[in-house]
Amino acid sequence: MRTLRSEELFERAQKVIPGGVNSPVRAMRAVGRDPLFIDSASGAELVDVDGNRFIDYVCSWGPLIAGHAHPDVVEAVTAAAARGTSYGAPTQAEVELAEQVVSRVPSAEMVRLVNSGTEATMTALRLARAATGRDRVLKFSGAYHGHVDGLLADAGSGLATQGIPASPGVTRGQAADTLVCAWNDRDGFTKFMDASGDELAAVIAEPLPANMGIVPPAVGFLELLRERCEDCGALLIFDEVISGFRVSSGGMQTLAGVKPDLTVLGKVLGGGLPLAAVAGPAASMERLAPAGETYQAGTLSGNPLATAAGLATLGLLTQDAYAGLEATTTKLVTGLKEAADDAGVPIRLASECGLLTVFFSDDAVESYEGARASDGDAFACFHGSMLEQGIYLPPSQFEAWFPSLAHDEEQIERTIAAAARAFEAVAA
């Protein structure tokens, strides 16, 4: 069969797929270009249908911490597929994967496997509402917790405000049960909790926000969330879909030393296949049917191919692996900062093991407003130059880069050298 070029495929795709893509950011509109169509990938590199090869820092938006087509993962999935792709019945691999989660994640005593982060978030919110008998949820500006109707809410004005629909098709009633507060705003959060905390079923937060770029929590902020949720009887939900198993074996909650009531997991957990989970104490999790009365179900939940990929991936994540990923991230961050400084381009870098964001900003980025104030045009110029040089970056200023275990020293050095030229293009 003739290999089609990206332009031809995109033209065809737009006739049968809304916008030509199956997830909006893939359209690459934020950087002013059409998407590339990928043909294959291995290790830390992608090859598009035009035969161009790229060092990949998207890594499927985070799941591929071991890189593309890792032999252990491919072998595990291939063996699982040969036994059958889906049963609609329990398997040993489901149990083993749940045991792995419980052994690694501090807040986890039981696990319910689902197919996506959105499903996991829906389930966590349902559990919180069932446990508290309350309807309202507090989230933070700039946070994305999947395309759950009630969480697609924008803030109004004020310290913490009733959500308004952020998308057509989201009802005002659904959005109204979501309150929105600014991330890292201790005073605003405290004032809201003093006034209305007893109305909340849950506070949901990424303990390391990565959907507005990486914006770490201020010192003591996660502890404040924990304390105030306990005071008012709301559940604290950590969305670790991105940070779980990436920044450490136990996620951000391990690094921060703050234990949530429920944890949402995904991405790395499935090793590149559709898989996510809700985890928490047995007393909370046993509210789920059939142990309890809170309903949740899924035809493909705990799919044998996905659990095989997840188990193989988690098996690779040893202490030495995390040490290597931390070293790779640090080398990349240091080189990017030096290259920007040499070019006279003001940037702010935020990073954690296996994650980083380059903000084109003079000021520290500590909130969604700070992220939005970054120079999107400068990022688009940088992104275009990097792509021309064979470096595939997330096509949005508000997304994280995902270094992996597969990125080697030579690839990091090539990336830094390309970035030096890209920063010069920004400065020109």
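Every number in this text was worked out from the coordinates using simple rules, so none of it is lab data. Note that this is a predicted model, so its numbers are computed, not measured. Because the Cβ atoms are built from the backbone with ideal geometry, glycine has one as well, and the counts that use them run over all protein chains shown.
Scan segment 34-105 for chymotrypsin sites (Phe, Trp or Tyr not before Pro) in coil per DSSP, keeping those whose Cβ has at most 16 other Cβ atoms within 10 Å, and list them by number.
Details: sites: Phe37, Phe54, Tyr57, Trp61, Tyr87; in loops: Phe37, Tyr57, Tyr87.
For chymotrypsin sites (Phe, Trp or Tyr not before Pro) across segment 34-105 that sit outside H, G, I, E and B with at most 16 neighbouring Cβ atoms in 10 Å, the list reads Tyr87.
Taking a spot 7 Å from the Cα of Asp72 along the direction of its beta carbon, which residues of segment 93-116 have an amide N less than 18 Å from it?
Only 93-94, 96-105 pass the distance filter.
Among Ala234, Ala143, Ala41, which one shows the biggest mean-square fluctuation in a GNM of the chain, springs joining Cα atoms closer than 10 Å?
Evaluated over the chain, the most mobile residue of the options is Ala41.
Of the residues Pro207, Pro290, Pro304, which exhibits the maximal mean-square fluctuation in a Gaussian network model of the chain defined by a 10 Å Cα contact cut-off?
In the Gaussian network model the winner is Pro290.
Determine the relative contact order of segment 72-316: mean sequence separation of Cα pairs under 8 Å and six or more apart, normalised by residue count, in whole percent.
Values: 514 pairs, mean separation 72.4, N = 245.
That works out to 30 percent.
Going by how many other beta carbons lie within 10 Å of each one, how would you line up Ser374, Ser60, fewest first? Please report the intermediate quantities before stating the final value.
Working: Ser374 22, Ser60 14.
In increasing order of surrounding Cβ atoms, one gets Ser60, Ser374.
Of Glu99, Glu388, Glu410, which has the largest mean-square fluctuation in a 10 Å C-alpha GNM of the chain?
Glu410
Which order do Arg348, Arg126, Arg83 fall in if you start with the one that has the fewest other Cβ atoms within 10 Å?
If I rank by nearby Cβ atoms, fewest first, I get Arg83, Arg126, Arg348.
When a/c is below 1.5 the answer is rounded, else prolate if a/b is larger than b/c, else oblate, so apply that to segment 106-265 with a ≥ b ≥ c taken from the square roots of the Cα gyration tensor eigenvalues.
Details: a/c = 1.35, a/b = 1.18, b/c = 1.15.
Here segment 106-265 falls in the rounded category.
Using only alpha carbon pairs under 8 Å that are at least six residues apart, calculate the relative contact order of the chain and give it in whole percent. Could you put the intermediate results ahead of the total?
Working: 892 pairs, mean separation 91.0, N = 428.
Relative contact order of the chain: 21 percent.
Got a sec to turn the phi values of segment 48-65 into Karplus ³J(HN,Hα) couplings, 6.51 cos²θ - 1.76 cosθ + 1.60 with θ = phi - 60°, whole Hz, x for Gly and Pro?
Once rounded to whole Hz, the list reads 8, 5, 8, x, 7, 10, 10, 6, 9, 10, 8, 6, 6, 6, x, x, 8, 5.
Gap in Å between the Cα centre of segment 1-77 and the Cα centre of segment 236-273?
Cα centroid to Cα centroid, the span is 26 Å.
For Met285, Met252, what's the fewest-to-most ordering of other Cβ within 10 Å of each Cβ?
Least crowded to most crowded, the residues run Met285, Met252.
Let a ≥ b ≥ c be the square roots of the eigenvalues of the Cα gyration tensor of segment 25-138; is it rounded (a/c under 1.5), or, if not, prolate (a/b larger than b/c) or oblate?
oblate
Which of the aspartates and glutamates could be linked to Lys267 by a straight reach, that is with a Cα gap under 12 Å, when you skip same-chain ones fewer than 8 residues away?
Asp239, Glu240
Expected output is a single nm value to one decimal: the length gained when fully extending between Asp231 and Asp187, i.e. 0.36 nm times separation in residues minus the C-alpha distance. What is it?
Between Asp231 and Asp187, full extension yields an extra 14.2 nm.
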